[in-house]
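The values are calculated or read from the model by the stated rules, or taken from the named source; none is laboratory data. In this text the structure is predicted, and so the values were computed from the model without any measurement. No Cβ is skipped: glycine too gets one built from the backbone with ideal geometry, and neighbour counts run over all protein chains shown. Accessible surface is based on the protein model in full, side chains and every heavy atom, while ligands, DNA and RNA are left aside. Shrake-Rupley method; radii C 1.70, N 1.55, O 1.52, S 1.80 Å.
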Amino acid sequence: MKLAQVVLDIPVQSLDTPYTYVVSHDEANVEIGCAVLVPFGPRKAVGFVVSIEEVDEFDDSVCACASEGSSRDDSRDGDALEDLFTYGSVSLDETLPSEAHYGFGAQYDVAEPKKNASKKGGKAGATLKLKSIERVLSKPYFDEEGAACAEFLSQRYIAPLSSCVRLFTPPGGVPRIVQAKAGYWRVEEPAVGEVDDRWVTAGALINDFAPRKNAVKQHAILEAVKSGDVRVSELSLELGSIGSALKALEEKGAVKVELRRRLRSVERMDGGFVPTRKPELTEGQKKALEAIDAAREAACGEVVLIDGVTGSGKTEVYLQAIERTLGEGRTAIVLVPEISLTPQTVARFRGRFGDMVAVMHSRMSQGERYDQWDYIRSGEARLVVGARSALFTPMQNVGLIVIDEEHEGSYKQDSSPRYVARDVAEWMVQRTGGVLVLGSATPSIEALYQCNKNPHWHLVAMPERANGRSLPEVEVIDMASEFKSGSRAMFSGRLLRGLQEELARGCKVVLLLNQRGFAKFLLCRDCGYVPECPSCSTSLTYHEQGSKLVCHHCNHEVAAPAVCPKCQSPYLRKFGAGTQRVEAELRAVLDAMPNVGPSVPIIRMDADTTKGKGAHQRLLEQFGAADAAVLLGTQMIAKGLDFEDVTLVGVINADTQLNLPDYRAGERTFALIEQVAGRAGRAELPGRVMVQTYAADAVSIRAAASYDRAMFLRSELPKRKILGYPPYVRMVNVLVWGEEENEVRAKAEELRGQIVALVRDFGSDDWRVLPAAPCVLEKLRNVYRWHVVVKAPHGADLSGVLARLLRSRKADPKVNVVADVDPNDLL
């Protein structure tokens, strides 16, 4: 008979092991990756099949006795049952997980009763019959490789297996079980699915049937159909209600009405697609392609890091590497940071590969993402371009994965499973014999470290721009000196002169400000009061539009007070500068400039102006269509933009990230300045960059201004090594949070003690467990947050050791605990 290992779609840690079910003859279409309906105690559950094996129906191991033993810790099973009360009542003689945990199909110790089942009349040691899968609910969402990847994610990132499996399912396209009434469960169909259009086509008797003269709509329908197939919706728009006319024509055999699948957001190119021309490669591009070809021939999952300056032609290297991969009959995935996934970026790939390209990103509707996912599953798409989640689309036979701007923090998932896309992609290509290509003008320190230590990582430098032009000169403007000289303006004199010169010439300017809102915060000049969010440990941001204070963490919103709520003083001052305030002051400055004036538009791009669907593309098109214009924005404008007539880039305040209490603050500041500088002078027109800062002597700023990474690393690496931060160690940030501050603190301190004991038994002397401490954002959305940081050398089984504690601990309804393996920050 067939046995299936099923992961229940219930995201709790204590139910994260596969359960064994029989595949009955009535459900012979069960496949790995299918969603299925299974019995689970007195209720039903939706699960995902991760393994299927044929076994001898009379094999004793299939009907194992409880007394013959499971090597599992039975104390954890009670926790599993207790956690299940969240989802429905369960009796204590509930069946329990099989030993197939993390080794799908490896063993056959089947679901067995708890040892105390005899309290309800059960006999200890009695043979348990397996339950059967009741119904198949979907086509396969993933294959054996997807199941193996979910297992890898669960182990490495100490995440519930169900959450990991969920990554491989279509957006909004999974059925779920809901409790309709006490004791009754029903399957709720997916919220998103296929969309069919009704089409009218020519029938066998279309030329033989003649409607009555006064049957105007029938005549119009026949005339339209004789020209080609037409949608019913299009006919209805032109003719109004056509139901009875269509029915009459269909009965006469003149037309046929059929359903056809409509793919939302899948844009078909017109016939005669001609790929964009391949330019002549530079020496740096040729070396990069040679390295990728060598890695592909090795077929052992090697990594190629392309260290190419902005404008060096990394995208062309990706395109030609993809072309060679597709030519071998394999497929490719390209990951791009969400904020860099602009229409320009997508157009580069579609221009070369046409309808073979699928796109996945969060700005698409759920229905559009579902259709793209299904387009990939159909096999018609052979290249996926998207954000980090594109890794888990149902692409078959992947031979190449490209991660552009690999240093970007957005490649780290911030919810369970908290994976690092780069590390998951490396695991994938090692399994398939493919190649992982990383590209960046500012590679992460971890990637550079791997190239130095790991023989399977290869570094290729592309130090020159593809057009042969030099990188723009970067001028650092010391705002502290400007202040001492009496200037109180937001814009320095040199930046204003640069604005006037470039805009008067009809060129474009990009201004970066790494925050949103009108001002950072309000402050009472009499008593020092700053309005704070009642639910988060942060000040409220002032917004000019609507004169309101907003928390950018939980969206709490209140009207800006006219006087200080604490001392009633009218002297409330706005501190800091958000994009709205910069836009207002910049508008006043430009209006007064000779040869510039009100005709020069300011296009603001931040989280507020781009929240609507299509807003991102519309604003970029507006900027591109203008003659002289200013693009003012946050980090989203630092990458992925390629406008030939941008000749000046200004950074309003380079200190924003530098002052964060985060060990990566210097690295992020260095990368941001170099990245945004690359937006200038990308074609024939020369470019320049002006960086305003109150920390002109900071190494990260001076190094970025001179494009001197070695200077930055000489300063940064010794500090990381002494303090024990990546790349010299691996870290796990154990987060603890809840609504009661005292309970959170007590639980964090208790966990810290347990981890110390665990490390003493299973770790080594070079492991470090830092004291439990409040997070930098101690309170967020009315929840108190503490953490315990664990550090270990490379090669240590950090996840395996901590999983012993975190997977076995009993769930606490008041305090949550989760492990963030390889955290991107400690905020």
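Residues of the range 187-200 being part of a strand (DSSP E or B) and touching a Gly at 6+ places or on another chain (Cβ under 9 Å), which ones?
Passing the criteria: only Val195.
Residue-wise test of (1) of a type outside the set (Gly, Ala, Ser); (2) outside any strand (DSSP E or B); (3) at pLDDT below 95.
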position	(1), (2), (3)
Leu246	yes, yes, yes
Glu250	yes, yes, yes
Gly271	no, yes, yes
Arg277	yes, yes, yes
Glu280	yes, yes, yes
Gly329	no, yes, no
Arg350	yes, yes, yes
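When the residues of the range 756-772 are filtered to those that are touching a helix residue (DSSP H, G or I) at 6+ places or on another chain (Cβ under 7 Å) and more than 15 Å from Met731 (Cα to Cα), which remaining residue is least open to solvent (accessible area, probe 1.4 Å)?
Leu758
Going by the structure shown, is Gly240 on the phi > 0 side of the Ramachandran plot and at pLDDT 85 or above?
Against the criterion (on the phi > 0 side of the Ramachandran plot and at pLDDT 85 or above), Gly240 qualifies.
Could you say which residue among Pro793, Pro823 is under 22 Å from Val420 (Cβ atoms) and open to solvent by 20 Å² or more (accessible area, probe 1.4 Å)?
Every option except Pro793 fails the conditions.
Just name the residue that is nearest to the chain's Cα centre (by Cα) out of those in the range 700-731 that are among the basic types (Lys, Arg) and more than 16 Å from Leu672 (Cβ to Cβ).
Arg730
Hey, among the residues in the range 319-347 that are of a type in the set (Gly, Ala, Ser) and open to solvent by less than 10 Å² (accessible area, probe 1.4 Å), which one's farthest from Val385 (Cα to Cα)?
The extreme case among them is Ala321.
What strands (runs of 3 or more DSSP E), lying completely within the range 620-734, carry at least 2 residues that are farther than 30 Å from Trp767 by Cβ and small (Gly, Ala, Ser)?
Those strands (runs of 3 or more DSSP E) span 629-633.
Does Gly301 meet the test of being touching a His at 6+ places or on another chain (Cβ under 9 Å) and assigned to a loop (DSSP other than H, G, I, E, B)?
The answer is yes for Gly301.
Taking the range 362-399 as the search range and keeping residues that are open to solvent by 30 Å² or more (accessible area, probe 1.4 Å) and under 11 Å from Pro171 (Cα atoms), which one is modelled with the highest pLDDT?
So, considering only residues that are open to solvent by 30 Å² or more (accessible area, probe 1.4 Å) and under 11 Å from Pro171 (Cα atoms), the one modelled with the highest pLDDT is Ser389.
Within the range 426-453, count every residue that is open to solvent by less than 40 Å² (accessible area, probe 1.4 Å) and of a type outside the set (Gly, Ala, Ser).
13
Is it true that Arg709 is in contact with a Leu (Cβ under 6 Å, 6 or more places away or on another chain) and either polar (S, T, N, Q) or touching a residue at least 40 places away in the same chain (Cβ under 8 Å) (or both)?
No.
Scan the range 525-549 for residues that are modelled with pLDDT of 85 or more, part of a strand (DSSP E or B) and open to solvent by less than 50 Å² (accessible area, probe 1.4 Å) and jot them down.
Scanning the range 525-549 gives a single hit, Leu549.
I'd like to check something: does the range 287-296 contain any residue that is over 30 Å from Glu316 (Cα atoms) and open to solvent by less than 30 Å² (accessible area, probe 1.4 Å)?
no
Conditions first: (1) surrounded by fewer than 17 Cβ atoms within 10 Å (Cβ to Cβ); (2) within 32 Å of the chain's Cα centre (by Cα); (3) acidic (Asp, Glu). Asp208 passes all but one, so which condition is the exception?
(2)
All but one of (1) modelled with pLDDT of 85 or more; (2) under 23 Å from Leu513 (Cα atoms); (3) exposed (fewer than 15 other Cβ atoms within 10 Å of the Cβ) hold for Arg573; which doesn't?
Answer for Arg573: the failing condition is (1).
So how many residues does the range 173-201 have that are modelled with pLDDT of 85 or more and among the small types (Gly, Ala, Ser)?
Qualifying residue count, the range 173-201: 1.
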